[in-house]
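All of the numbers you see were taken from the coordinates with simple rules; none came from a lab. Computed from a predicted structure; not experimentally measured. All Cβ positions, glycine included, derive from the backbone under ideal geometry; neighbour counts span all protein chains shown.
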Amino acid sequence: MSIQFGPDYIRAIAPYQGGKPISEVAREFGLDEAKIVKLASNENPLGMPESARKAMADVADAGRYPDGNGFELKAALTAKYGVPADCITLGNGSNDILELAAHAFVQPGQSVVYAQYSFAVYPLATQAVGGRSLVVAAKDFGHDLDAMLDAIEDDTRLVFVANPNNPTGTFIPGEEIEAFLRRVPPEVVVVLDEAYTEFLSPRQQYDSIGWIHRYPNLLVSRSMSKVYGLAGLRIGYGIAQPGITDLLNRIRQPFNVNSFAQAAAIAALADDDFVARSAKMNADGYRQLTQAFDELKLQYVPSSGNFVLVKVGDDDGAGARINLALLKQGIIVRPVGNYGLPQWLRITIGLEHENTQFIAALKNALA
């Protein structure tokens, strides 16, 4: 008789599947790693900024534990956003912030609200604490905030809102989010996941950090994996009033952000030139990809992130079939059947020549 360990809700979790590594695709299909193009994980194709590399090289002693409180990094965030250090929680990637929020505020049996087609970590974080998922049907592939408000129950303790949303790239105007915050019950924590906020155009930008002072139940989560190019270092942060950050900092791991990541993040936060270059490259690449999709008469969702969701067929096997055809040509993209979108693929915006290779491979695959 076998023994089952742990609660049923943990055993029921399907582990998160990231984008295929280049080395795995090379082994599986007998390809040259140097010629493979990865457009699967929404990484910055420019890589890490040189300012961050230099800062990492200056880390004095990796044999000692990092600053567990992240004093200098919090000081840099304070200078950038005008919030005191006790409003900041540092995370091992922004995923860490999302999971900390679930652990801090949700008890087994209590409910969490999030949208259909939103980030896969929301259901994982909910299930990991024994919470109940209240999944609200998407509206035009994005969030229906009115329906999400209506979905809140007496035992709801957390609401996840992604803006822009992953994997669909949809955007909610700032005034709509603030109107939503005004109506959410004060005992319900709203996590505003802004992993892609730096890619927003000037006309889309809004001051979510300023809202922190008005809404004690708001937690803004951000990542340094995307526009800042630090995905491999795993660093993110949350900003909220001290009533929230105090709880998050009580349960986070003592040294959850390593010394190299802290040093690189401080440098990257000050590197406005790199951010501007990344944003321009992303805008140019978006035009390149969507023009190709228009020419191929493929439906896609207008995106405010660094990726595009595109429909590659009408049958439910289309996404997997085209994905396999692309892999055989050395192009890694992200199938999204696990999001309930089996006819679609999510394409990270790459460098111009990478986008060109993908477009050529896609034409071959569709043919």
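At-a-glance table
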item	result
Peptide ranges 256-267, 3-14 listed from the most packed, as the mean C-beta count within 10 angstrom indicates	256-267, 3-14
Region 52-270: antiparallel DSSP beta bridges as a percent of all, rounded to 5	35
Viscosity 0.890 mPa s, temperature 25 °C, Stokes-Einstein D of region 52-270 from Kirkwood C-alpha radius, µm²/s	140
The chain, dipole about Cα centre (Lys/Arg Cβ +1, Asp/Glu Cβ -1), debye to the nearest 20	580
Loop-located trypsin sites (Lys or Arg not before Pro) in region 247-302, at most 15 other Cβ atoms within 10 Å (DSSP)	LYS297
At most 13 other Cβ within 10 Å, DSSP loop - GluC sites (Glu not before Pro), region 171-270	GLU187
DSSP-assigned coil residues among trypsin sites (Lys or Arg not before Pro) in region 111-181, each with at most 15 further Cβ atoms within 10 Å	none
PHE119 long-range amide H proximity, modeled H, under 5 Å	ASN166
Taking THR197, THR170, THR290 and counting other C-beta atoms within 10 Å, the order from fewest to most	THR290, THR197, THR170
Distant-in-sequence amide H partners of GLN343 (H built 1.01 Å from N, under 5 Å)	GLY319
For GLN116, net neighbour charge (Lys/Arg +1, Asp/Glu -1) across residues whose Cβ lies under 13 Å away	-1
Positive minus negative residues near PRO185 (Lys, Arg vs Asp, Glu; Cβ under 13 Å)	-2
Options HIS213, VAL136, ALA367, ranked by Cα towards positive dipole end of the chain, top entry (Cβ charges)	ALA367
Set of lysines with alpha-carbon distance to LYS80 below 22 Å, sequence-local pairs under 8 removed	LYS54, LYS226, LYS280
Relative contact order (%) - criterion: Cα under 8 Å, at least six apart; region: region 1-152	20
Most mobile of PRO66, PRO84, PRO21 in a GNM of the chain (Cα contacts under 10 Å)	PRO21
Antiparallel bridge percentage (DSSP; both residues within the chain; nearest 5)	50
P(r) weight above 27 Å for region 1-129, C-alpha pairs, percent	49
Coordinate range along principal axes, alpha carbons of region 198-305, Å, largest first	53, 33, 24
Whole-number percent relative contact order across the chain, with pairs defined as alpha carbons under 8 Å at least 6 apart	23
Enclosed volume per residue, in Å³, of the convex hull spanned by Cα atoms of the chain	166
Charged-residue dipole, Cβ positions (Lys, Arg, Asp, Glu), region 52-270 about Cα centre, Debye nearest 20	600
Dipole-positive endmost among THR156, MET48, ASN306 within the chain (Cβ charges, Cα centre)	MET48
